[in-house]
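Just so it is clear, none of the values below were taken in a lab; they were calculated from the coordinates. These numbers were taken from a predicted model, which means no experiment stands behind them. Neighbour counts run over all protein chains shown; Cβ positions are idealised from the backbone, glycine included.
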Amino acid sequence: MPLQVFDREGDGLAFFSALVAQQTPFVNWEKNADQPRLGVLEGSCFTRRLRRNGTDYRLLEATKSFI
C-alpha cells in the first residue's frame, strides 16, 4: 500500500481518523515550527536524515492525539 503524505492538517480529524481506522499509512508534518519549540527536542529524537533538493532534513516520528 502506498504511503500517503499530507501537508499539515490536510482534511481534518474525520479524514485522518478514517485513515487510522483503515490502517492506511500516512505522514504529515508541522510547518513553521518555531525555534523555541524545536530547541526543547533532544537530538536523539531525530532518528533519520534525508537530503532533498540540496536541503538536509532530520526526521522525528511522534504520535499526537486529536480531541
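Work out the charge dipole of the chain with +1 on the Cβ of Lys and Arg and -1 on the Cβ of Asp and Glu about the Cα centre, then indicate which of N32, Y57, G12 is farthest towards its positive end. So the residue furthest toward the plus end is Y57. For the chain, the average shadow cast by the Cα convex hull is 6.0 nm², which is a quarter of the hull's surface.
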